[in-house]
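Please read the structure below before turning to the comments.
The values are calculated or read from the model by the stated rules, or taken from the named source; none is laboratory data. Only a predicted model underlies this, so the values are computations on that prediction, with no experimental measurement involved. Here the Cβ is made from the backbone with ideal geometry for all residues, glycine too, and neighbour counts use every protein chain on show. Protein only, heavy atoms only, side chains kept; ligands, DNA and RNA dropped before computing areas. Shrake-Rupley method; radii C 1.70, N 1.55, O 1.52, S 1.80 Å.
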Amino acid sequence: MIKRTGEVVLSMIGLVLALFMQVAMTIVSFNFLAKTKTESGYEIFAGRYEQAIHDAGVSLNDAPSASSIVDALHGFSIFFIVALVAVILFSILGIIFIVGNKKPVLAGFLFLLAGIVVILATFLVGFVPALLFLIAAIMCWARKPKRDAFSNF
């Protein structure tokens, strides 16, 4: 039996880093939505947004409206929660399947899916946890148990 300590450690570190990044992005997006839900909060945001657009030298007709930015961020906040649940599910199932060398190929695919979700959900900021998941996936696929010459007898 081959020990899979490296894969477990890499996936656990990747899980902790991914959770940290995704929870932070979710908190920021929900905090923004809570602030812009009130009329005064939305007016402050819209005023600062239009001022930033004006300072950048862009026409207000060329830039998206403040309400479309708020609506898009509402959709992203729901996406952040779904991605967070998916990463937790994929990585924990991968760890369960790799412990005891039960199904290393399936665990590798689950780690790869977790890495893809992390890199997409954090808008390329979470490349470190995604890289850790990718390395764990490759280790799952590449490391094979040694065959004993007398195991066939």
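Points to keep in mind about this one:
- Checked against (1) at pLDDT below 90; (2) closer than 30 Å to residue 36 by Cα; (3) of a type outside the set (Gly, Ala, Ser), residue 102 meets all criteria but (2).
- Selection from the stretch 21-68 of residues that are in contact (Cβ under 8 Å) with a residue 24 or more places away in the chain and surrounded by 14 or more Cβ atoms within 10 Å (Cβ to Cβ): 21, 22, 25, 26, 29, 30, 32, 33, 36, 42, 45, 66
- Verdict on residue 107 being within 25 Å of the chain's Cα centre (by Cα), buried (at least 18 other Cβ atoms within 10 Å of the Cβ) and in contact (Cβ under 8 Å) with a residue 24 or more places away in the chain: yes
- The stretch 24-59: number of residues that are touching a helix residue (DSSP H, G or I) at 6+ places or on another chain (Cβ under 7 Å), among the hydrophobic types (A, V, I, L, M, F, W, C) and under 30 Å from residue 88 (Cα atoms): 4
- Taking every residue in the stretch 82-102 that is without any contact (Cβ under 8 Å) to a residue 12 or more places away in the chain and of a type in the set (Gly, Ala, Ser) and pairing it with any residue that is assigned to a helix (DSSP H, G or I) and surrounded by fewer than 20 Cβ atoms within 10 Å (Cβ to Cβ), at least 6 positions away or on another chain, yields no pair with a Cβ-Cβ distance below 9 Å.
- Candidates are the residues of the stretch 79-89 that are touching a helix residue (DSSP H, G or I) at 6+ places or on another chain (Cβ under 9 Å) and open to solvent by 50 Å² or more (accessible area, probe 1.4 Å); the one that is farthest from residue 12 (Cα to Cα) is 79.
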